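Where a number appears in this text, it was derived from the coordinates with a stated rule and is not lab data. Because the structure is predicted, anything quoted here is derived from the model rather than measured. In this analysis, Cβ positions are derived from the backbone assuming ideal geometry, glycine residues included, and neighbour counts consider all displayed protein chains.
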Amino acid sequence: MPRKIEYIDAIARRKQRDVLLLTFFDDPSGDPSPHEWEEHPTRLAVVGWLDAHGYAWSPCGEVANERVMRSYRGSIYIDLPYCPDDASYRAVEEFLEYPDGTLRMPHMRFLLEDLESAQANAHHDEPGFWERWAEDF
């Protein structure tokens, strides 16, 4: 069944804060996974951990780009403010990263989409923007 998936930059604007994003891939170059995102081993492990520890998350698109159309690739938004002093944030960070900041699991990226950068696409929030865009694509 079709479902609408929000872009990470739109989430940042809606929340009015920096937001956390996880992307997943197989190729060492960072290209998207060649297999279905539902079966990506690292994604399954992360989602299982988030669910087991009561963290809210949702599927999301990467930063919206008017010049590109692509299908969903398994990225997720973690509904948790970026706050290194917060115990909940630190638990997620410690699950995903070693103390030196390298990732514990392969084939993923743990990213922060900052609100300031997300504001560059604020015009996407205008009523009817994406419908008009689709007509001209």
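Couple of notes before you dig in:
- Extended-chain gain in nm, criterion 0.36 nm per residue less alpha-carbon gap, R17 and R109: 31.1 nm
- Computed FRET value (nearest 0.05) for F137 with E39, which takes r as the C-beta separation and R₀ as 30 Å: 0.50
- Largest GNM mean-square fluctuation across R13, R73, R104, computed for the chain with C-alpha springs under 10 Å, falls on R104.
- Equivalent ellipsoid, the chain (semi-axes from 5 times Cα gyration tensor eigenvalues, Å): 26, 19, 13
- Rh by Kirkwood over Cα pairs, then Stokes-Einstein D for the range 63-137 at 0.890 mPa s and 25 °C, µm²/s: 159 µm²/s
- Computed over the chain, relative contact order equals 37 percent, with contacts defined as Cα pairs under 8 Å that lie 6+ residues apart.
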